[in-house]
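Colleague: A single structure is presented below for examination.
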Amino acid sequence: MNTSEFRQHGHELIDWIADYFESIREFPVKSQVAPGDILKALPGSPPDRAEPFSEIFDDFQKKILPGMTHWQHPSFFAYFPANSSTPSVLGELLTSALAAQCMIWQTSPAAAELEEQVMEWLKQMLALPESFTGVIQDTASTATLCSILTARERISDYAINNAGLQMQPVYAVYCSSETHSSIEKAVKIAGLGRRNLRIIEVDDTFAMRPEALEDAIRKDLDDGVTPLCVIATIGTTGSTAIDPLREVGEICQKYKIWLHVDAAYAGTALLLPEMRWMSDGLELADTFVFNPHKWMATNFDCSAYFVRDKAALIRTFEILPEYLKTSEGSSVNNYRDWGVPLGRRFRALKLWFVIRSFGVSGLQEMVRRHLFLANDISNQIDQADDFERLAPTPLSLICFRYHPVGTDDPETLNRLNETLLTKLNSTGKLYMTHTKLNGAYTLRMVIAQTYVQQEDVANAWALIQETARSL
């Protein structure tokens with residue numbers, strides 16, 4: 001494809017993308033294909049000769065698009081959002097065109113320095129502690145792994161990187177029963193052992209119980225186990241519970257334990273001054289992560305990771321072979337030493353586009369709208385005789401179930417709600433997922449898609465009621 005053809009097809013794609021955003025409500029939210037349908041539609045062998053772009057794009061529309069779940073659909077209420085926006089798409093387009101490897105300052109000075117400044121912007125926007133320094137990671141899972149590895153190295157005076165875990169104490173990591181599964185994965189990857197992950201009880205709001213945490217720490221100390229790290233969560237995966245950060249932080253200070261705060265989804269709500277009660281005590285944390293690629297209109301992947309001691313982070317990950325040595329030294333940020341991968345994408349560009357295009361007030365308006373819509377539906381669920389919420393709604397996730405009058409058997413209710421969810425998702429008109437809270441099959445409705453409107457939410461709630469009452 002020459003540049004003339006690229007120009008022509010590029011214009012065609014931009015027009016298609018614009019049409020897609022305008023007509024996205026016409027697509028089924030969740031793909032309706034069966035397992036294997038897409039695979040059967042694809043040739044078993046690659047083409048020997050070049051194929052025209054028109055044929056490739058035609059196959060995209062006919063064979064690939066039917067197998068896509070439309071995460072940017074305003075009726076996408078599943079999991080947590082992976083939001084995009086038109087400014088972010090344009091920033092991502094430029095990132096793809098530049099195709100820079102942003103591993104060190106010298107490979108693209110603008111990429112390094114824009115990332116440094118944009119992370120400072122985010123720190124101001126969320127009112128994070130001044131002592132924090134930020135870096136963009138790909139996901140919160142990676143950021144959590146970085147945090148645990150840094151905690152491991154600091155507590156061992158960086159001996160584990162050098163000699164391994166032999167002759168080291170047994171280290172324990174603590175998190176609540178509602179914490180994200182990436183914590184368990186990170187503990188395994190870090191070589192600490194899954195059996196040394198302590199699961200702490202939660203209260204009736206599904207938040208970590210500080211007294212249970214301290215009991216577990218004391219027991220480990222009595223047993224000769226070394227407490228390494230506590231993971232506190234602002235907005236747990238199942239129900240967006242808010243762990244009591246200050247109390248947890250004070251326990252960590254008391255026992256000299258590393259504290260990592262996971263706010264992957266909920267962190268964006270800290271844009272709002274009225275939501276910053278959630279981060280009370282954050283100055284006691286060693287690390288903090290949230291994902292602009294969830295609720296801040298920025299394409300996946302873009303995870304904002306903040307550290308109190310950047311020297312400890314860099315010392316954990318730095319490696320300096322001869323071919324990467326440069327004359328700038330410590331006067332610049334070489335972000336290859338701030339995380340796991342050597343190669344890095346220019347993620348800061350799309351985030352810069354988003355912040356400048358929306359403005360802080362525009363992003364705040366979006367989040368407030370989502371919180372208002374979620375509160376409105378929560379109130380309607382509370383007023384319905386045959387529905388009930390199963391957890392508080394501090395953010396824009398609603399956890400609820402259908403509970404018809406006179407049906408109280410737990411297993412019957414679980415089956416009923418599982419059937420309801422399957423029927424709802426099969427309509428293509430909305431997409432939700434589930435969790436289990438205290439054993440109850442729980443419908444999760446996350447109202448956080450960038451362009452969702454009151455009408456989308458009202459239509460979804462009407463469909464939920466109609467479908468449930470027809471079972």
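Every number in this text was worked out from the coordinates using simple rules, so none of it is lab data. Everything numeric in this text was worked out from a predicted model, so none of it was measured. Note that we place each Cβ from the backbone using ideal geometry, even for glycine, and neighbour counts take in every protein chain shown.
Colleague: In deg cm²/dmol and to the nearest 500, what is the mean residue ellipticity at 222 nm of the chain if only DSSP H runs of at least 4 residues count, each as -39500 (n - 2.57), divided by the residue total?
Modeller: Numbers: 15 runs with 197 residues, N = 471.
Mean residue ellipticity at 222 nm (helix-derived): -13500 deg cm²/dmol.
Colleague: Quote the charge dipole size of the chain about the Cα centre in Debye, to the nearest 20; the model charges only the Cβ of Lys and Arg (+1) and of Asp and Glu (-1).
Modeller: Using Cβ point charges on Lys, Arg, Asp and Glu, the chain gives about 660 debye.
Colleague: Please enumerate, by chain and number, the lysines with C-alpha under 30 Å from the C-alpha of residue 254, excluding those fewer than 8 residues away in the same chain.
Modeller: Here the lysines satisfying the reach criterion relative to residue 254 are 123, 185, 188, 219, 310.
Colleague: Please report the net charge: other residues with Cβ closer than 11 Å to the Cβ of residue 41, K and R +1, D and E -1. Don't skip to the end; give the middle numbers.
Modeller: Numbers: positive: 40, 62, 63; negative: 37, 59.
Taking every Cβ under 11 Å from that of residue 41, the sum is +1.
Colleague: Tally Lys/Arg at +1 and Asp/Glu at -1 over every other residue whose Cβ is under 15 Å from the Cβ of residue 95; what's the total?
Modeller: After counting each charged neighbour, the total is 0.
Colleague: I've got another one for you. Let me have the relative contact order for segment 100-354, percent, based on Cα pairs under 8 Å that are six or more residues apart.
Modeller: 27 percent
Colleague: About the Cα centre of segment 100-354, how large is the charge dipole given +1 on each Lys and Arg Cβ and -1 on each Asp and Glu Cβ? Please answer in debye to the nearest 20.
Modeller: Computed about the Cα centre, the dipole is about 680 debye.
Colleague: Distance from the Cα centre of segment 306-320 to that of segment 174-243, in angstrom?
Modeller: 24 Å
Colleague: For segment 100-354, what ratio Rg/Rh do Cα atoms give with a Kirkwood hydrodynamic radius?
Modeller: Taking Rg over the Kirkwood Rh, I get 0.96.
Colleague: Once you charge only the Cβ atoms, +1 for Lys and Arg and -1 for Asp and Glu, what is the size of the charge dipole of segment 186-278 about its Cα centre, to the nearest 20 debye?
Modeller: With only Lys, Arg, Asp and Glu charged at Cβ, the dipole is about 420 debye.
Colleague: Need one word for the chain: rounded, prolate or oblate. Basis is the Cα gyration tensor (sqrt eigenvalues a ≥ b ≥ c); a/c below 1.5 gives rounded, then a/b vs b/c decides.
Modeller: It is oblate, given that a/c is not under 1.5 and a/b is not larger than b/c.
Colleague: Rounded to the nearest 0.05, what FRET efficiency is calculated for residue 405 and residue 194 with R0 set to 41 Å and r the Cβ-Cβ distance?
Modeller: The formula returns an efficiency of 0.40 here.
Colleague: Hey, another quick one. Out of 161, 72, 38, whose Cα points farthest toward the positive end of the dipole of the chain (charges: +1 Lys, Arg; -1 Asp, Glu; placed on Cβ)?
Modeller: 161
Colleague: Which is the longest part of the chain that has none of the trypsin sites (Lys or Arg not before Pro) sitting in a DSSP loop with at most 11 other Cβ atoms within 10 Å?
Modeller: 50-255
Colleague: Same structure, new question: Give me the orientation-averaged projected area of the Cα convex hull of segment 352-414, in nm², one decimal.
Modeller: On the way: hull surface 22.5 nm².
So the mean shadow area of the Cα hull is 5.6 nm².
Colleague: Something else now. Nearest 5 is fine: what % of DSSP beta bridges in segment 100-354 come out antiparallel, could you say? Before the final figure, lay out the partial values.
Modeller: Working: 11 of 27 bridges.
Counting only bridges with both partners in segment 100-354, antiparallel ones make up about 40 percent.
Colleague: What FRET efficiency would be calculated for the residue pair residue 330, residue 18, taking the C-beta separation as r and a Förster radius of 35 Å, to the nearest 0.05?
Modeller: 0.20
Colleague: Can you give the net charge of the other residues whose Cβ lies under 14 Å from the Cβ of residue 162, counting K and R as +1 and D and E as -1?
Modeller: Local net charge: 0.
Colleague: Roughly what % of DSSP beta bridges within the chain run antiparallel, to the nearest 5?
Modeller: About 60 percent, rounded to the nearest 5.
Colleague: Enumerate the helices in the chain for which the Kyte-Doolittle hydropathy averages -1.0 or more and the C-alpha atoms extend at least 30 Å along the helix's axis, using complete DSSP H runs. Walk me through the intermediate numbers first.
Modeller: Values: long enough: 348-383 (45 Å, 0.18).
Long hydrophobic helices here: 348-383.
Colleague: Among all the lysines, which ones have a C-alpha under 22 Å from residue 62's C-alpha, if same-chain residues fewer than 8 places away are not counted?
Modeller: Reachable lysines: 30, 40, 429.
Colleague: Could you tell me which of 373, 14, 97 has its Cα farthest along the dipole of the chain towards the positive end, charges placed at Cβ (Lys, Arg +1; Asp, Glu -1), taken about the Cα centre?
Modeller: 97
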